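Each remark here refers to the structure printed beneath this line.
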Amino acid sequence: MKLYDDPRSGNGYKVRLLLAHLALPYQYVFVDILQGETRTREFLAKNHNGRIPVLELDDGTRLPESNAILHFLSQGTHYWPNGLLEQSQVLQWMFFEQYSHEPNIATARFWLTVKGMEKTPFNMELLRQKQTAGNQALAVMNAHLQSHTFFVGEQYSIADIALYAYTHAAPEGGFELSAYPAVVAWLQRVRQQPGHIAANEQHAAAAGRVAGQTSAMDGRFGTMC
């Protein structure tokens, strides 16, 4: 199994984090987004949308979109709930993440910290708009977490993983998380989960395991590399 990703990507971090929780080995393939490597003919053959992450299975099947990958990998694990209502609530928060959260918080972070931006009046107004919408998303999360340990069913799930990736890095986009104490407390609970890795931490499986070493989960996806 291969993961095409850039370590600066929060969307890629979601996948790396779940892979770490599951102790699944994989080959990490670095794709430099700042050098345009997602727009090459070779990469576009893997994902016509020209975006990372992309998970490639051993049979050559490729699955793009971080939240779709989380859904795929979590099946049959406690990161995906059993009940239909709770499954739908997980999807609810993952849709929220992609529509109201990531486009604002991740974009502000990318402009300020990853790529950098010229601080012209026009650009600063665009940033202000993103930060306003991002703060609205954080407020929604904070209101929910005031009465919930995790986002769905009081159990850590891929909904939390999807929202954690860019929320914990929100200060890099100019967001002040101290204004959202329930979110801050939830971030700490996520960090305490078994197998948690930081965004800048190299997952042991990605660094390469001893040949022949397998995970208890390997049978679900075929032989991993």
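The values are calculated or read from the model by the stated rules, or taken from the named source; none is laboratory data. This is a predicted model, so every value here is computed, not measured. Positions of Cβ are backbone-derived with ideal geometry, glycine not excepted, and every protein chain shown enters the neighbour counts. These accessible areas exclude ligands, DNA and RNA; they are computed on the full protein's heavy atoms, side chains included. Shrake-Rupley method; radii C 1.70, N 1.55, O 1.52, S 1.80 Å.
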Among 1, 165, 131, the residue whose Cα sits farthest towards the positive end of the charge dipole of the chain (+1 at Cβ of Lys and Arg, -1 at Cβ of Asp and Glu, taken about the Cα centre) is 131
Using a Gaussian network model of the chain whose springs link C-alpha atoms within less than 10 Å, name the residue from 125, 102, 65 with the highest mean-square fluctuation.
-> 125
Dipole size in debye (nearest 20) for the chain around its Cα centre, Lys and Arg Cβ +1, Asp and Glu Cβ -1?
-> 240 debye
Taking the Cα-to-Cβ direction at residue 154 and at residue 84 and moving 7 Å from each Cα, how far apart do the two end points lie in nm?
-> 2.4 nm
Express the relative contact order of the chain as a whole percentage, based on alpha carbon pairs under 8 Å and six or more residues apart in sequence.
-> 31 percent
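Assuming R0 = 30 Å, what is the FRET efficiency of residue 91 and residue 122, from their Cβ-Cβ distance, to the nearest 0.05? Mind showing how you got there, number by number?
Values: r = 36 Å, r/R0 = 1.21.
Computed FRET efficiency for residue 91 and residue 122 comes out at 0.25.
Starting from the Cα-Cα distance between residue 62 and residue 30, subtract it from 0.36 nm times their residue separation and give me the gain in nm to one decimal.
On the way: separation 32, 0.36 × 32 = 11.52 nm, distance 1.58 nm.
Additional length available on full extension: 9.9 nm.
I'd like to check one number: the per residue accessible area of segment 1-107, probe 1.4 Å, reported in Å² as a whole number. Could the numbers behind the result be given before it?
On the way: 4840 Å² over 107 residues.
Normalised by residue count, the accessible surface of segment 1-107 is 45 Å².
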Heavy-atom accessible area of the chain with neighbours in place, 1.4 angstrom probe: carbon+sulfur share in percent works out to 53 percent
Calculated FRET value between residue 42 and residue 146, using beta carbons and R₀ = 41 Å, to 0.05 = 0.30
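How much net charge surrounds residue 144 when only other residues with a Cβ under 15 Å from its Cβ are counted (Lys, Arg +1; Asp, Glu -1)? Write out the running numbers ahead of the final one.
Working: positive: 189; negative: 86, 97, 154, 160.
Taking every other residue near residue 144 into account, the sum is -3.
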Spin-label model distance (nm) - residue 98 vs residue 136, 7 Å beyond Cα toward Cβ = 2.1 nm
For segment 10-52, what value does the Rg/Rh ratio take when both radii are computed over Cα atoms and Rh is the Kirkwood radius, given to two decimals?
-> 1.04
Using helices alone, what [θ] at 222 nm do you get for the chain, with -39,500 (n - 2.57) per DSSP H run of 4 or more residues, divided over all residues and rounded to the nearest 500?
-> -13000 deg cm²/dmol
For residue 130, counting only lysines whose alpha-carbon sits under 18 Å away and dropping same-chain residues fewer than eight positions off, the answer is 115, 119
Residues with amide H under 5 Å of residue 151's amide H, sequence separation 5 or more or different chain, H placed in the peptide plane at 1.01 Å from N; which?
-> 157, 160
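Suppose a student asked you for the relative contact order of segment 7-91, using Cα pairs under 8 Å spaced at least 6 residues apart; what percent would you report? List each step's numbers first, then the result.
Details: 60 pairs, mean separation 20.8, N = 85.
Computed value for segment 7-91: 24 percent relative contact order.
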